[in-house]
1. Determine the pairs where a residue that is at positive phi, located within the range 36-55, has a partner that is hydrophobic (A, V, I, L, M, F, W, C) with Cβ atoms under 6 Å apart, the partner being 6 or more residues away or on another chain.
2. Output the residues belonging to the range 50-64 that are under 11 Å from the mean Cα position of the chain (by Cα) and surrounded by 12 or more Cβ atoms within 10 Å (Cβ to Cβ).
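No value in this document is a laboratory result; all are computed from the given coordinates. All of these numbers come straight from a predicted model, not from anything done at the bench. FYI the Cβ positions are ideal-geometry reconstructions off the backbone, even for glycines, and counts take in every protein chain you see.
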Amino acid sequence: MRTPFIRPQGEQDPEPVRCIDLETYERCSFCGSKLVFNHDLNLSHLQVVETCQCPGCGVSHNPKKFTLQ
C-alpha cells in the first residue's frame, strides 16, 4: 500500500518525511487534467477500494486497497 508521504533519497533516518504536493496526487501524469476518484466499500473484507480515472486521456490507475479498522 502506498502513502502520500515520501522520504528524501539516500537518508536512512525515519524522521525527515515530507508530504507529497496534493496537486501532483490528484492530477494525471500524462495530460495534467484532474483525476476522478471512486471509492467502493467492501464490508465483507473490511476494505475500501480506491480507483481513479483521467477524463482527459482515459488512463486508469491500479486500484488501491485500504483496510478499515
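1. Filtered contacts from the range 36-55: 46/68.
2. Passing the criteria: 50, 51, 52, 61, 64.
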